[in-house]
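The values are calculated or read from the model by the stated rules, or taken from the named source; none is laboratory data. Owing to the predicted nature of the structure, the values given are computational and were not obtained by experimental measurement. Cβ sites come from the backbone with ideal geometry, for glycine too, and all protein chains shown count toward neighbours.
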Amino acid sequence: VAKILRGDSVRRVSEATEQLTRASTVGVLAMQGAFREHAQLLEPMADRVVEVRTPAQLEEVEALVIPGGESTAIRKQLDRSELYEPLRDRIAQGMPTLGTCAGLIVLANSPPDGAPPTFGLLDVSVERNGFGPQLFSFEAKVELDGTSREQTSGPGHAVHGVFIRAPRIERCGDGVEVIARLAEGSNSGEPVAVRQGSLVGCTFHPELAGEPVLHRLLMSIVAKGA
Ligand code: GLN
């Protein structure tokens, strides 16, 4: 038996097992907003979920969720916590990152309200509070495209989107793929989630609907590479 175990095939099997069980440590930027709900969605998918508030905690993670909240407040807290530069560098180097709502705004490269972009690494222009006062907050069906559909467990291709003072995606650069669109209401058809390589952004709050599809997409980017 020992002889067989020392064989090549055993090495191959153990390498494959290692790949499947590779430790994944995922972070949630815990400055403000619903970071606990994001962590709860990630817990069944990752080996460890870390609330990131310091550069040392950032070093522990291989992927990150930037929750919604208030983008200007997130920016201020990034500066205060000395996370701004290390986080920008990690995202620029390809760390898989999911930005939801205000998290999308901080990733985007040109907020059209004239404010300088926070990270400016995701090539979309967004308008803050873009749905205006009538649609300040709303819920709507969101239709997923092919790649994100692979991440759903059920047969449906639509997920429930919770939009709270949501930004509106006004322009997508060439390298940006629209992965979800509004599926009802007067703005039906417009993009509400995008992907550019290792970066995923959405204008709604998947964590408030308990909707794990984009978190699964993030984990599959971790597993496969961007
Ligand atoms: N309106 C907020 C902003 O401008 C985003 C809202 C949200 O994250 N729910 O940052």
*Only residues that are farther than 9 Å from T25 by Cα and in contact with a Lys or Arg (Cβ under 9 Å, 6 or more places away or on another chain): list them for the range 42-58, please.*
M45, E51, L58
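The rows are residues; the columns are (1) surrounded by fewer than 11 Cβ atoms within 10 Å (Cβ to Cβ); (2) at pLDDT 95 or above; (3) part of a loop (DSSP other than H, G, I, E, B).
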residue: I4; (1), (2), (3): yes, no, no
residue: R11; (1), (2), (3): no, no, no
residue: E15; (1), (2), (3): yes, no, no
residue: E18; (1), (2), (3): yes, no, no
residue: R22; (1), (2), (3): no, no, yes
residue: V28; (1), (2), (3): no, yes, no
residue: M31; (1), (2), (3): no, no, yes
residue: H38; (1), (2), (3): no, yes, no
residue: L41; (1), (2), (3): no, yes, no
*Residues being of a type outside the set (G, A, S), within 15 Å of the chain's Cα centre (by Cα), farther than 18 Å from G69 by Cα and not in a loop (DSSP other than H, G, I, E, B): count how many of those fall in the range 89-125.*
4
*Which ones in the range 145-164 are surrounded by 20 or more Cβ atoms within 10 Å (Cβ to Cβ), at pLDDT below 95 and within 15 Å of H205 (Cα to Cα)?*
V159
*Checking Q57 against (1) touching a strand residue (DSSP E or B) at 6+ places or on another chain (Cβ under 8 Å); (2) within 16 Å of the ligand (Cβ to nearest atom); (3) among the polar types (S, T, N, Q), which single condition isn't satisfied?*
(2)
*Hey, can you tell me all the residues within the range 66-115 that are among the polar types (S, T, N, Q) and farther than 21 Å from V213 by Cβ?*
S71, T72, Q77, S81, Q93, N109, S110
_the range 48-83, residues that are among the basic types (K, R), at pLDDT 95 or above and either surrounded by 18 or more Cβ atoms within 10 Å (Cβ to Cβ) or assigned to a strand (DSSP E or B) (or both)_ = R48
_Report every pair of residues separated by at least 6 positions or lying on different chains whose Cβ atoms are under 6 Å apart, first residue within the range 37-49 and under 13 Å from L208 (Cβ atoms), second at pLDDT 95 or above and not in a loop (DSSP other than H, G, I, E, B)._
H38/V28; H38/V65; L41/H215
*Given V49, V126, which one is within 19 Å of I164 (Cα to Cα) and β-branched (V, I, T)?*
V126
*asked:* What are the pairs with Cβ atoms under 9 angstrom where one residue, in the range 67-85, is at positive phi and the other, located anywhere, is modelled with pLDDT of 95 or more and within 13 Å of the ligand (Cβ to nearest atom)? Sequence gap at least six, or different chains.
replied: G69/F35; G69/C101; G69/A102; G69/G103
